[in-house]
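Enquirer: The structure is given below, and queries will be raised subsequently.
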Amino acid sequence: MTDPNIPVRMTAEGQTLVITLDRPKANAVDVATSRALYAAFERLRDDPQLRAGILTGAGERFFCAGWDLKAAAAGESAEADHGPGGFAGLTEFLDIGKPVIAAVNGLAFGGGFELVLAADLVVAAEHAEFALTEVTLGIVADAGGLLRLPARLPRAIAVEYLLTGRRFTAAEAARWGLVNRVVPAAEVMIAARELAEAICAAAPLAVAATLEILRETEGASVADGYRTLRGGDLPAYRAMLGSRDAREGAVAFAERRRPVWQGR
């Protein structure tokens, strides 16, 4: 039975941390839930045994309906402190160093869609729908929607979604490259686990370096990206270059065996 005092559940499945947002009926997020989600993502970052995270919503209808408007009506400010990770614990948590896969099992509206946009990979159920509904509620998508969506879509399309709050389907999201896979509802977690397993089979320092480089060069020109890459200010990249794992990859290939990653 769901415990209303525990809005976020964590389960370690081997090297993958499954994080479930569980706030009936719509998995909406208030300040306490944001902080609970941050604690889950912090565990993912800090536990050396964990290599990837999967974020999903409890139930079949909602992944996350966004900001808890009942909490807002009761006085929770739009400027409330949601904790170090920002709204929903992830939208401003930029240095996890491990990939987060959003397993979107239903509707992702407002801050729920911003939570999806903050993930690294997305698997969506066929019935899932997305929308940035903030303008219809008198606010703006300032938990990442205004920043991340125009960076990924043609400007006119992003502006349409931002200014109208229009709902769109998982199939439409896939056409725009916003999701990696669209699958039947029963296969959402299966597909998410497959992605996590593939990531966990790769070298952990190389995964962390890739995420770091992507983050630090996003939006940059190729020339500026190379300057960042060669500038010596990317600690995960530097750690990867000098690691035993970097040597192990080449040796394992030459010896025709699977590499044994040590994360160092």
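The numbers here are math on the coordinates, done by the rules we state, and not lab data. Here the structure is a predicted model, which means the values were calculated and not measured. As a convention, Cβ positions derive from the backbone with ideal geometry for all residues, glycine included, and neighbour counts pool all protein chains shown.
Enquirer: Based on Cβ point charges of +1 for Lys and Arg and -1 for Asp and Glu, what charge dipole magnitude is obtained for segment 12-167 about its Cα centre, in debye rounded to the nearest 20?
Expert: Around 320 debye, computed over segment 12-167.
Enquirer: Now for a different question. Nothing charged except the Cβ atoms of Lys and Arg (+1) and of Asp and Glu (-1): what's the magnitude of the dipole of the chain about its Cα centre? Round to the nearest 20 debye.
Expert: Around 780 debye, computed over the chain.
Enquirer: Under the 0.36 nm per residue contour assumption, what length would be gained going from the current alpha-carbon distance of Arg247 and Thr136 to full extension?
Expert: The Arg247-Thr136 span can extend by a further 34.5 nm.
Enquirer: Still on this model: Show me, for segment 189-194, the HN-Hα J-couplings you get by feeding each phi into the Karplus relation (A = 6.51, B = -1.76, C = 1.60, θ = phi - 60°), rounded to Hz, glycine and proline as x.
Expert: Rounded to whole hertz, the list is 6, 4, 5, 5, 5, 4.
Enquirer: Which ³J(HN,Hα) values in Hz, rounded to whole numbers, follow from the phi angles of segment 88-98 under the Karplus curve 6.51 cos²θ - 1.76 cosθ + 1.60, where θ = phi - 60° and Gly and Pro get x?
Expert: 6, x, 10, 4, 10, 8, 9, 10, 5, x, 9
Enquirer: While we're here: Of Gly145, Thr164, Ser221, which is farthest along the charge dipole of the chain in the positive direction, counting Lys and Arg as +1 and Asp and Glu as -1 at C-beta?
Expert: The one lying farthest along the dipole's positive direction is Ser221.
Enquirer: Search the structure for amide H atoms under 5 Å from the amide H of Ala128, placed 1.01 Å from N in the peptide plane, and list their residues when 5 or more places away or on another chain.
Expert: Those qualifying (amide H under 5 Å, at least 5 residues apart or on another chain) are Ala170.
Enquirer: Okay, moving on. Relative to the present Cα-Cα distance, how much length would full extension add between Val159 and Ala80 at 0.36 nm per residue of separation?
Expert: 25.8 nm
Enquirer: For segment 75-82, just list the computed ³J(HN,Hα) in residue order, Karplus coefficients 6.51, -1.76 and 1.60, θ = phi - 60°, integers in Hz, with x standing in for Gly and Pro.
Expert: With the stated coefficients, segment 75-82 comes to x, 5, 6, 5, 9, 4, 7, 8 Hz.
Enquirer: Shifting gears a bit: Can you work out the PRE-style zone for Glu13? Point 7 Å along Cα to Cβ, and I want the residues of segment 19-39 with backbone N under 15 Å.
Expert: Of the residues in segment 19-39, 19-21 have backbone N under 15 Å from the label point off Glu13.
Enquirer: So, one more: If packing is taken as the mean number of other Cβ atoms within 10 Å per residue, what is the order of 106-115, 83-92, highest first?
Expert: In descending order of packing, they fall as 106-115, 83-92.
Enquirer: So, in nm, how far is label Arg257 from label Glu187 when the simple model puts each one 7 Å beyond its Cα toward the Cβ?
Expert: That separation, rounded to one decimal, is 3.6 nm.
Enquirer: Could I ask something else about it? So, counting K/R as plus one and D/E as minus one, what does the shell of residues with Cβ under 12 Å around Glu187 add up to?
Expert: Here the count lands on 0.
Enquirer: Further question: Given +1 on the Cβ of Lys and Arg, -1 on the Cβ of Asp and Glu, and no further charges, what dipole in debye does segment 56-100 carry about its Cα centre, rounded to the nearest 20?
Expert: Here the size comes out at about 220 debye.
Enquirer: Based on a Kirkwood Rh over C-alpha pairs, give the Stokes-Einstein translational diffusion coefficient of segment 123-241 at 10 °C and viscosity 1.306 mPa s in µm²/s.
Expert: Roughly 94 µm²/s, to the nearest whole number.
Enquirer: Which listed residue (Ala72, Leu50, Ala39) has the Cα farthest towards the positive end of the charge dipole for the chain, taking +1 on Lys and Arg C-beta and -1 on Asp and Glu C-beta about the Cα centre?
Expert: The residue sitting farthest along the positive end of the dipole is Leu50.
Enquirer: Search the structure for amide H atoms under 5 Å from the amide H of Ala102, placed 1.01 Å from N in the peptide plane, and list their residues when 5 or more places away or on another chain.
Expert: For Ala102, the qualifying residues are Leu55, Asp120, Leu121, Val122, Val123.
Enquirer: Which percentage, to the nearest 5, of the DSSP beta bridges contained in the chain is antiparallel?
Expert: Of the beta bridges lying entirely in the chain, close to 25 percent run antiparallel.
Enquirer: May I pose another question? When you count, for each residue, the other Cβ atoms within 10 Å and take the mean per peptide, how do 149-158, 9-18 rank with the highest first?
Expert: Highest-to-lowest ranking by the protection proxy: 9-18, 149-158.
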